[in-house]
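A quick write-up on the structure given underneath.
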Amino acid sequence: MSNEESTISNNNDNGDELLDVEIEENKEEEQEVEKFSWFNMIKDCFVKFSVLGGTSFVGGIGILQIECCDNWKWLSEKQWMEIYTVAQLLPGATKSQVAFGMALLKYGYVSGFLSNIFFNAPGFILNLLFGILFYNININENSPLWVKNAQYGLTCSGIAFAASSAYRLALYLERYDKIIYFLAGFVSFMTLLYKPMWFLPFLVVFGGIFTWIYYTVSPWLKKRIEVHKKQLFTSKGKLGWREKFKLSYLIIKNIRKPLHSISDDNEEETGQDNERLEAGEIEEEAPRPVAKLTTWNGIINLLILIIIFVILFVAVLATQNVQENIWILLLRVNEFFYRMGALIFGGGVAGVPMIRDELVANKWLTDKQFINGYSISNALPGVRFNSAAFYGPIIASNRLSGNSSLLGNNTIIDNNTVSSASIIIWPIVFGILSGLSFQIPGYLSMVGFMSIWSKIRDFHFIKKAIIGINAVCVGYVITNIIDLWMSNVGSSSWLGANAILCLMIVWFTKVSPPIVVLLSAVSGITLGFIKGGEII
């Protein structure tokens, strides 16, 4: 007995030692997690998203997918696709929203907020500087030949990344029925022909309803077809037209009867054909920090979005008959960009050119200045929404200096009373506030909706609808590629060759996306040298 007691005591001692070791290890892990969740997280987001923001040109959504899923291993293809789908449902800059969602699912809300800043900062700052320093310069006429060819080359890299992303997103639809591919093709067909801002949200809703109906009716119809086949035919050969007619007649005749009442096997409508649409399709294998965003957090952000919208709109109406000065102009310009940021869907691909009419009609810009700004913003990294940071300084400079190319004299301050400091400060203020006003609605809507989405995404009808929404997104990406090719490459065999070269590098090598961007610019310059002119 004494030996047994000593053995037990030794075991207890060993157990206590093991428990102490586990406690110490847990403490060390907690300390590592605590350290990583702040310093390392901030450093990680800064390095990764600053580089992404500085190398993400036209079509750069593909870079985000490659880096996030392949290089960083942050998220799976399913998780990334879900973020992209949610971003397409909302107004704002899609790439910024996807960057926010990537960091949110990896680390949490703080990292999402920081990643949005780091990702947008390079393009935002460059647009602001160009707007301040070169607001009256035509980039198409005054830029050196090598600069223009480098810009064309950068566009080719964007097309390559977009094409790669479209291919990967299309592969994601393979698990579904072929009709989902048809839906994606239909969306691409329609959005190539018809491009109003409201059309994409309409197609998103249509795609969700379509697949919800299809995956609700399809299992029900397949079960009835199987039951009636067993009743009519014993062989498993192909059905002739008479058998198909009888089968159709039985289905229509018994359409209102419960399945168990017409089935010899007394089968029940268990919905087992929908098993692949259950938790496995949209359910993610990794924990979702998005759950930390409460529903109230989402509601508060959406309310802030609406309140700011209403305040700015009412303020503009209240000052409609007030003589314009620099402060009134600042209010009207920011209300305009905030309103546009809250109404433009699809990441600004078609929406940003649509702001031209009001900018020109208000005599804030000339048509030439708008085209220059749009060209420059497309040549710079980041999202198209950063173009507001370019237009803001131009608007302020036009009004302070009285640009003679605008109809009438729009000077709101006597030139003799304008100090050199005002001419420098006001364009900076206009640029910063205009850029923020254009971006904030998309950020608030993404934060607000993501918290709500985390609560509703597990509903069965949402899982069915998300399939159609994914298909709509794939179709829209295909449209973007075609638009990018038509507007930037056109019939130029030189640019087409450069785009294909970039696509081959993206697909068949493991070259880092920033290097691909650099190579595409160098390739554009080289091809221009060989041709002896512009490669357009």
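The values are calculated or read from the model by the stated rules, or taken from the named source; none is laboratory data. Being a predicted model, the structure only gives us computed values, none of them experimental. Counting neighbours? That spans all protein chains shown, and the Cβs are built from the backbone with ideal geometry, glycine included. Calculation scope for accessible area: heavy atoms of the full protein, side chains included, ligands and nucleic acids excluded. Shrake-Rupley method; radii C 1.70, N 1.55, O 1.52, S 1.80 Å.
Taking R0 as 30 Å, what FRET efficiency do you get between Lys246 and Ile456 from their Cβ-Cβ distance, rounded to the nearest 0.05? Can you show the working numbers first?
Values: r = 43 Å, r/R0 = 1.45.
For Lys246 and Ile456, the calculated efficiency is 0.10.
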- Phe529/Trp38 FRET efficiency (R0 41 Å; Cβ-Cβ; nearest 0.05): 0.25
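Per 0.36 nm of contour for each residue apart, how much would the distance between Ile425 and Leu193 grow if the chain were fully extended, relative to their Cα-Cα spacing?
Between Ile425 and Leu193, full extension yields an extra 79.1 nm.
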- Message: Can you give me the distance in nm between label points at Met504 and Asn297, each placed 7 Å from the Cα along the Cα-to-Cβ direction?
- Response: 4.7 nm
- Item | Length gained when the stretch Leu145-Val322 is fully extended (0.36 nm per residue, less Cα-Cα span) | 59.0 nm
- In Å², nearest 10: area of Thr55 left accessible to a 1.4 Å probe: 20 Å²
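Compactness ratio of the stretch 93-192: Cα Rg over 2.2 N^0.38 Å, N = residue count? It would help to have the intermediate numbers written out before the result.
Details: Rg = 19.1 Å, N = 100, 2.2 N^0.38 = 12.7 Å.
Against the compact-globule rule of thumb, the ratio is 1.51.
With the Cα gyration tensor of the stretch 60-130 in hand, convert its eigenvalues to equivalent ellipsoid semi-axes via √(5λ) and list them largest first in whole Å.
Details: eigenvalues 85, 34, 30 Å².
The equivalent ellipsoid of the stretch 60-130 has semi-axes of 21, 13, 12 Å.
Could you work out what % of the accessible surface of the stretch 417-536 is carbon and sulfur, using a 1.4 angstrom probe and leaving DNA, RNA and ligands out of the count? Walk me through the numbers on the way to the answer.
Working: 3980 of 5150 Å².
The nonpolar share, carbon plus sulfur, comes to 77 percent.
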- Task: Could you tell me the largest-minus-smallest coordinate of the C-alpha atoms of the stretch 420-513 on each of the three principal axes, in descending order and whole angstroms?
- Result: 57, 49, 27
- Message: Assuming 0.36 nm per residue, please report the length gained on full extension of the stretch Ala315 to Met486 beyond their Cα-Cα distance.
- Response: 57.4 nm
